[in-house]
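The values are calculated or read from the model by the stated rules, or taken from the named source; none is laboratory data. From a predicted model like this one, the values you see are computed outputs, not experimental measurements. Cβ atoms come from the backbone with ideal geometry, glycine included; neighbour counts cover every protein chain shown.
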């Protein structure tokens, strides 16, 4: 690719998030171009043959090579400290791609119980159809991770902080367990983004994101990405080439624009979430608050070690189960009632009946998804307005 902007090795995170991976066309555009094309033309049949054979650099087909998508991959690689990246149409496509590339019939996976509901479905049901078994363990219980290891264990998967209880995993310790058993360690870094946490630096082999969330930052589009060394990511790229779980060129451009403000936004999300957590923790109608930035949270010390901030997501519990939780949610006038997160707009949802609704009652109980639990993803509004909005419902309990 021509006209690549070269950056000094000393470039900071903020600079990388704005400029890493930038490649300009012959028109020398300042903002990245959008490459809305399905295919690419060549100067000759010989050049086409060379590009298709991988003997010459170039694009083949936007299902798996597109200049705009590649810019997004390279920028994320720079931010996560990864050698290679594979962008996908969604976060779930990234998880599926990792699994399809690195697991086969007879393999065993260990997965945290505290993951997104659809992730549970992937590991507990979808992969089971192909002969892959899974053991679910408590995220913070290292003895359970160790005890679940088998000779056929090929992957350990978790997200930290967890959804929606903000539990924090000991990345170094779980990486050691995985590598001792010759298994891959995969981390969902959606809640923190590389602005707050870089799991590869703590021993993870692959880090993945639902870029739909904080990476975009404004709830505009869907996307996902898997990142790691070339040996681990190239099989995912090969799977995607056939499966077609591609990130669209337009969405790649939107995500590039989101990355430009990532650090600024994450700092602001953290500030608002921290203030909401403190306020809720002192509220007489709130039973408990789950946020790793609170001193009483079991993962607070570990979060200080691994993260550069506590994140923008928190949850709290009220007495009265689903009825009380829904009353709080239905009373808001500013906050958006939606299960998405990572938006400039604050969102609220009831995990037991939305994000984790497909779990059995037993599995919800094991994962700590109580009927009185409410999840907040703090946006960028004035925090006093957000407190007043939540008070409308809490005051009615």
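Tell me yes or no: at least one residue of region 253-269 is more than 30 Å from residue 18 (Cα to Cα), modelled with pLDDT of 95 or more and either outside any loop (DSSP other than H, G, I, E, B) or outside the structural domain of residue 361 (by TED's automatic domain parsing) (or both).
No; the residues of region 253-269 include none that is more than 30 Å from residue 18 (Cα to Cα), modelled with pLDDT of 95 or more and either outside any loop (DSSP other than H, G, I, E, B) or outside the structural domain of residue 361 (by TED's automatic domain parsing) (or both).
Please tell me if residue 165 is modelled with pLDDT under 95, in the same structural domain as residue 61 (by TED's automatic domain parsing) and under 28 Å from residue 265 (Cβ atoms). Break it down into steps so the answer makes sense when it comes.
On the way: modelled with pLDDT under 95: yes; in the same structural domain as residue 61 (by TED's automatic domain parsing): yes; under 28 Å from residue 265 (Cβ atoms): yes.
Against the criterion (modelled with pLDDT under 95, in the same structural domain as residue 61 (by TED's automatic domain parsing) and under 28 Å from residue 265 (Cβ atoms)), residue 165 qualifies.
Quick check on region 49-69. Is at least one of its residues without any contact (Cβ under 8 Å) to a residue 60 or more places away in the chain, within 28 Å of the chain's Cα centre (by Cα) and closer than 18 Å to residue 256 by Cβ?
yes
Please state which of the following conditions residue 104 fails to meet, knowing it meets all the rest: (1) crowded, with 16+ Cβ neighbours inside 10 Å; (2) part of a loop (DSSP other than H, G, I, E, B); (3) touching a strand residue (DSSP E or B) at 6+ places or on another chain (Cβ under 9 Å).
Answer for residue 104: the failing condition is (1).
Within region 276-292, can you find the residues that are over 19 Å from the mean Cα position of the chain (by Cα) and not in a strand (DSSP E or B)?
Hits for region 276-292 are 276, 277, 278, 279, 280, 281, 282, 283, 284, 285.
Please give the number of the condition residue 116 fails out of (1) farther than 23 Å from residue 303 by Cβ; (2) at pLDDT below 95.
Against the list (1) farther than 23 Å from residue 303 by Cβ; (2) at pLDDT below 95, residue 116 comes up short only on (1).
Answer yes if at least one residue in region 79-99 is over 22 Å from residue 116 (Cβ atoms), in the same structural domain as residue 224 (by TED's automatic domain parsing), touching a helix residue (DSSP H, G or I) at 6+ places or on another chain (Cβ under 8 Å) and part of a strand (DSSP E or B), and no otherwise.
Checked against the condition, which is being over 22 Å from residue 116 (Cβ atoms), in the same structural domain as residue 224 (by TED's automatic domain parsing), touching a helix residue (DSSP H, G or I) at 6+ places or on another chain (Cβ under 8 Å) and part of a strand (DSSP E or B), region 79-99 yields at least one hit.
(1) farther than 18 Å from residue 166 by Cβ; (2) touching a residue at least 60 places away in the same chain (Cβ under 8 Å): which one isn't true of residue 314, the others all being true?
For residue 314, the failing item is (1).
Take the residues in region 259-269 that are out of contact with any helix residue (DSSP H, G or I) (no Cβ under 7 Å at 6 or more places or on another chain) and surrounded by fewer than 22 Cβ atoms within 10 Å (Cβ to Cβ), then tell me which one is nearest to residue 346 (Cα to Cα). Full working, then the answer.
Of region 259-269, the ones out of contact with any helix residue (DSSP H, G or I) (no Cβ under 7 Å at 6 or more places or on another chain) are 261, 264-265, 267-269.
With surrounded by fewer than 22 Cβ atoms within 10 Å (Cβ to Cβ) added as a condition, the list becomes 261, 264, 267-268.
Values: 261: 17, 264: 16, 267: 15, 268: 12 Å.
The selected residue is 268.
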